[in-house]
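Enquirer: Sharing a structure below in structure tokens format, with a few things to ask.
The values are calculated or read from the model by the stated rules, or taken from the named source; none is laboratory data. Quantities reported herein were computed from a predicted structural model and do not represent experimental measurements. Cβ placement follows ideal geometry from the backbone for every residue including glycine, while neighbour counts extend to all protein chains displayed. When the accessible area is computed, the model is the full protein with side chains, heavy atoms only, and any ligands, DNA or RNA have been set aside. Shrake-Rupley method; radii C 1.70, N 1.55, O 1.52, S 1.80 Å.
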Amino acid sequence: MNLRIAIFASGRGSNFQAILAAISAQRLKAQVVLCITNRPEAGALQIAGAAQIPAAVIEEKHFVNGADYEAALLAQLAKHEVNFIVLAGFMRKIPSGVVRQFRHRIVNIHPALLPSFGGKGMYGHRVHEAVLAHGCKVSGATVHLVDEEYDTGVPILQRCVPVLDDDTPETLAARVLEVEHQIYPEALQLFAEERIRVEGRRIKILPKS
Ligand code: GAR
């Protein structure tokens, strides 16, 4: 599948950058054709600018209702002929019409081993604080399909990291981020190679043909 990706990002965009690096290194055969953010100050916008990728700031609060917001997102996606959505630190729920139109072609990355430490309000440092507060011995990252709820879609790839005795939320976040940058491009390449088969709540990774 010739992936024409839209990146949705709210923050610094290091996963976006890792995806672009994988494309440049030809570890990922895909094109990023659009970046959408809900925050005009997002670092992701600079990354898009430097890579000459069209970008749009779309903030829900600027629309009179959810339907108009959804329509604005869908219009941008159609304009750039996007066929795959990658959430990379996007801190807003995706409208259900977008999820429906991109079913099984919309993915997210979460900085923990879902279904632990996920759900509404569980993002960024809060996740790592909760992992440490619980006393977990391992954490990790999850790439998963996006459905209508927060962090409940089927996992595609997960990778563990150890939690060390002297970890702070910052040191743990950095260790997890390193594996995020590995598994996100890997997961996308599996889609590019059409090796992902969704079977209910399981994803089968087909062998390389
Ligand atoms: C990443 O750690 C990502 O897993 C997390 O936000 C960070 C974005 O960093 N996402 C969530 O917490 C989603 N619930 P980035 O902007 O540098 O890619």
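Enquirer: With Cβ to Cβ distances under 15 Å as the rule, what net charge do the other residues near Q182 carry (K, R +1; D, E -1)?
Expert: The answer is 0.
Enquirer: Would you mind checking which residues have amide H under 5 Å from L3's amide H? H placed 1.01 Å from N; only 5 or more apart, or other chain.
Expert: Correct list: Q31.
Enquirer: On to the next question. May I ask you to list, by number, the DSSP H helices of the chain whose Cα span along the axis is at least 27 Å and whose average Kyte-Doolittle hydropathy reaches -1.0 or more?
Expert: 169-192
Enquirer: Roughly speaking, to the nearest percent, how much of the chain's 1.4 Å accessible area is carbon and sulfur? Display every interim value, and only then the final one.
Expert: Working: 5280 of 10320 Å².
For the chain, the apolar C and S fraction of the accessible surface comes to 51 percent.
Enquirer: Over region 1-143, how many pairs of lysines fall under 23 Å by alpha carbon, counting only those 8 or more apart in sequence or from different chains? It would help to have the intermediate numbers written out before the result.
Expert: On the way: K29/K79; K61/K79; K61/K93; K61/K120; K79/K93; K93/K120.
The number of close lysine pairs in region 1-143 is 6.
Enquirer: While we're on this one: On alpha carbon coordinates alone, what is the Rg over Rh value for region 20-62, Rh being the Kirkwood radius?
Expert: My calculation puts Rg/Rh at 1.06.
Enquirer: Within the chain, what percent of beta bridges assigned by DSSP are antiparallel, to the nearest 5?
Expert: Around 50 percent of the beta bridges assigned by DSSP in the chain are antiparallel ones.
Enquirer: What residue among A44, F84, N65 has its Cα farthest toward the positive end of the dipole of region 2-147, where the charges are +1 on Lys, Arg and -1 on Asp, Glu, each on the Cβ?
Expert: F84
Enquirer: Just to confirm my numbers, what's the Cα centroid distance between region 143-203 and region 1-59 in Å?
Expert: 18 Å
Enquirer: Top mean-square fluctuation among A21, A130, A50, Gaussian network model of the chain, C-alpha springs under 10 Å?
Expert: A50
Enquirer: Amide H of T152 versus every other amide H placed in the peptide plane: which residues, excluding those fewer than 5 positions away on the same chain, fall under 5 Å?
Expert: D147
Enquirer: How large is ³J(HN,Hα) for each residue in region 152-165, as worked out from phi by the Karplus curve 6.51 cos²θ - 1.76 cosθ + 1.60 (θ = phi - 60°), to whole Hz, x for Gly and Pro?
Expert: For region 152-165, the Karplus-derived couplings read 9, x, 5, x, 9, 9, 9, 9, 8, 9, x, 9, 9, 4 Hz, x marking Gly and Pro.
Enquirer: Something else: In debye to the nearest 20, how big a dipole does region 44-127 give about its Cα centre with +1 on each Lys and Arg Cβ and -1 on each Asp and Glu Cβ?
Expert: Dipole about the Cα centre, nearest 20: 280 debye.
Enquirer: In sequence order, what are the phi-derived ³J(HN,Hα) couplings for region 94-104 according to the Karplus relation 6.51 cos²θ - 1.76 cosθ + 1.60 with θ = phi - 60°, rounded to whole Hz, with x for glycine and proline?
Expert: Per-residue couplings from phi come out as 7, x, 4, x, 6, 4, 4, 5, 10, 3, 6 Hz.
Enquirer: Take the chain, connect every pair of alpha-carbon atoms lying under 10 Å apart with a spring to form a Gaussian network, then pick out the residue of I36, I53, I106 with the largest mean-square fluctuation.
Expert: Taking springs between Cα atoms under 10 Å, the residue moving most is I53.
Enquirer: OK, next. Which one, A75, A30, A55, projects farthest toward the positive side of the charge dipole computed for the chain from Cβ point charges (K/R +1, D/E -1)?
Expert: Looking along the dipole axis, the top candidate is A30.
Enquirer: Once you list every other residue whose beta carbon is under 12 Å from the beta carbon of G66, what net charge do they have if Lys and Arg are +1 and Asp and Glu are -1?
Expert: Once all neighbours under 12 Å are counted, the net charge is 0.
Enquirer: Sticking with this structure for a sec: Explain nothing, just the number: dipole magnitude of the chain about its Cα centre with +1 on each Lys and Arg Cβ and -1 on each Asp and Glu Cβ, in debye rounded to the nearest 20.
Expert: Rounded to the nearest 20 debye, it is 640 debye.
Enquirer: The chain: Rg/Rh from Cα coordinates, Kirkwood Rh?
Expert: Rg/Rh for the chain comes to 0.95.
Enquirer: Based on the mean of other Cβ atoms within 10 Å per residue, sort peptides 65-71, 54-60, 163-169 so the most packed one is first.
Expert: Order by mean packing, descending: 54-60, 65-71, 163-169.
Enquirer: Could you give the nm distance between label points at E81 and E60, where each point is 7 Å from its Cα heading toward the beta carbon?
Expert: Placing both labels 7 Å beyond Cα along the Cβ direction yields 3.1 nm.
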